[in-house]
Amino acid sequence: MLKRRLFTPGPVPVPDRVRLAMAQPILNHRAPDFLPVFERCRKGLQQVFQTESPVAIFAASGTGAMDTAVSNLLSPGDHALVVRGGKFGERWAEICEAYGVRTTCIDVEWGRAVEPAEIARALEVSPDILAVYLTASETSTGARHPVKEIAEVVNHSGDRIIVVDAITAAGVYEMRMDAWGLDVVVSGSQKAFMLPPGLAFIGVSERAQRFMETSTCSHYYFDLKAELAVLPKDQTAFTPAIGLMLGLDEALKIILDEEGLEVTWERTERLAAATREAMRAIGLELLAPDAPSAATTAVVIPDGVDGPAFQKYLRERLGYTVADGQGHLKGKIFRIAHLGYFDRFDTIAAIAAIEMSLAANGYVAKLGEAARTATELLAD
Ligand SMILES: *Cc1c(COP(=O)(O)O)cnc(C)c1O
């Protein structure tokens, strides 16, 4: 018997209760019985984002919200600053380019976090920068950028907006849209929300709504103005992904009413910290040791171990799917997820499986040492 276990930082496992909620008969989205579901989702998302500003919901993967955050806020020829420290930072630059937005990129070595002072310098050099695009948790490298500190820099520098890809930060660790002065925050359903892919979320501050008024980029489906106009009435401009929203309603109950958002943050960080120590205990190196994100831990495949063979053994013999590296890191790292529906026993068992696959692929370490380390750190 082989049980399949998913440990990628999106998509993530979906709790049975959430899957059952999604199996309910489909309601009509204009019918009275769907409106309370929508209202709870809308308000619950504001809580996860820590904002009083509206959070719009699109039927799309997370990138739909990123696309919206460029096409609805800027105009062709406008100047944007992009922090590019991995695959998702690159995505911001690519979206800007697609809409004719001029970009200045701060290139950060993959696995490192950007220094807020670098942002300040770039804004001094180019006072015409209107928006700063940032990745909170760079899922491709496991690094966490200092969003709060960067927001302080941006907010003291003039009338600019700060736009944060919080796709693997919202519901993962402390991220406060209003208190930190973040103008736009985006996320997606297949990360900490414990849902299948298909919903994109975008929180929009008042200042960002002013930028919306003057933006001239072409768009049709991803129209924030149209969405924000009907959102208070618990409606979307087009048919919402009703089944996924029934699941979101249930998932938000788990996060907000049962576990509590801050406890969710603590649990996730504890699993991440134990995993980091467990990997170090058997001599493995982390890709982002100085600024690790709690969403996922990126581990360097040690010398002498064949990366693809390690992953294949893990998946086919042991049933565990972890994420490979992206871009130039393909086959060189693996990434294990902590965000969403994981508890300490999930994490300890995954670490044991990683040890088994390493051993099967020629890595010499005391089998069980990493799992023992994690067990000790995760015991009460
Ligand atoms: C998953 C993810 C995205 C969005 O990817 P989609 O495939 O469009 O959902 C964007 N940014 C980060 C940091 C992510 O982890």
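List of remarks:
- Put simply, of Gly86, Gly77 the only residue that is of a type in the set (Gly, Ala, Ser), surrounded by 22 or more Cβ atoms within 10 Å (Cβ to Cβ) and within 28 Å of Ala122 (Cα to Cα) is Gly86.
- Within this structure, Gly181 fails the test of being on the phi > 0 side of the Ramachandran plot and at pLDDT below 95.
- Of the candidates Leu271, Leu339, the single residue that is within 24 Å of the chain's Cα centre (by Cα), assigned to a loop (DSSP other than H, G, I, E, B), within 18 Å of Ala374 (Cα to Cα) and not aromatic (Phe, Trp, Tyr) is Leu339.
- Hits in region 107-162 - residues which are basic (Lys, Arg) and over 24 Å from Gly203 (Cβ atoms): Arg112, Arg121
- Candidates Ala337, Ala349, Ala365 - the one that is among the small types (Gly, Ala, Ser) and at pLDDT below 95: Ala365
- Exclusive hit being assigned by TED's automatic domain parsing to the domain that holds Gln311, in contact with a Gly (Cβ under 9 Å, 6 or more places away or on another chain), surrounded by 20 or more Cβ atoms within 10 Å (Cβ to Cβ) and not aromatic (Phe, Trp, Tyr), set Ala353, Ala371: Ala353
- Of the residues examined, Arg372 is not one that is charged (D, E, K, R) and part of a strand (DSSP E or B).
- Just one of the listed residues (Phe222, Phe211) is more than 24 Å from the chain's Cα centre (by Cα) and buried (at least 21 other Cβ atoms within 10 Å of the Cβ), namely Phe211.
- Among (1) more than 23 Å from Ile57 (Cβ to Cβ); (2) among the aliphatic types (A, V, I, L, M); (3) not in a strand (DSSP E or B) - the single one Ala192 does not satisfy: (1)
- For region 114-188, the strands (runs of 3 or more DSSP E) that sit wholly inside it and include 3 or more residues that are within 30 Å of Val322 (Cα to Cα) and out of contact with any Leu (no Cβ under 6 Å at 6 or more places or on another chain) are 129-135, 184-188.
- Among the residues listed as Asp178, Asp107, Asp159, the single one being away from the ligand (no atom under 16 Å from the Cβ), surrounded by fewer than 24 Cβ atoms within 10 Å (Cβ to Cβ) and within 24 Å of Val299 (Cβ to Cβ): Asp107
- Within region 43-81, the set of residues being part of a strand (DSSP E or B) and β-branched (Val, Ile, Thr) comprises Val55, Ile57.
- The number of residues in region 77-89 that are under 23 Å from Asp128 (Cβ atoms) and either within 14 Å of the ligand (Cβ to nearest atom) or not assigned by TED's automatic domain parsing to the domain that holds Leu130 (or both) comes to 4.
- Just so you know, in region 198-214 the residues that are out of contact with any helix residue (DSSP H, G or I) (no Cβ under 8 Å at 6 or more places or on another chain) and not acidic (Asp, Glu) include one that is nearest to Phe49 (Cα to Cα), and it is Ser205.
- Summed over region 17-42, residues that are over 22 Å from Arg207 (Cβ atoms) and either among the hydroxyl-bearing types (Ser, Thr, Tyr) or in a helix (DSSP H, G or I) (or both) total 13.
- If you check Lys330, Lys312 for being in contact with an Asp or Glu (Cβ under 8 Å, 6 or more places away or on another chain) and either closer than 24 Å to Met194 by Cβ or assigned by TED's automatic domain parsing to the domain that holds Val299 (or both), only one passes: Lys330.
The values are calculated or read from the model by the stated rules, or taken from the named source; none is laboratory data. Quantities reported herein were computed from a predicted structural model and do not represent experimental measurements. When we count neighbours, we look across all protein chains shown, and the Cβ atoms used for this are built from the backbone with ideal geometry, even at glycine.
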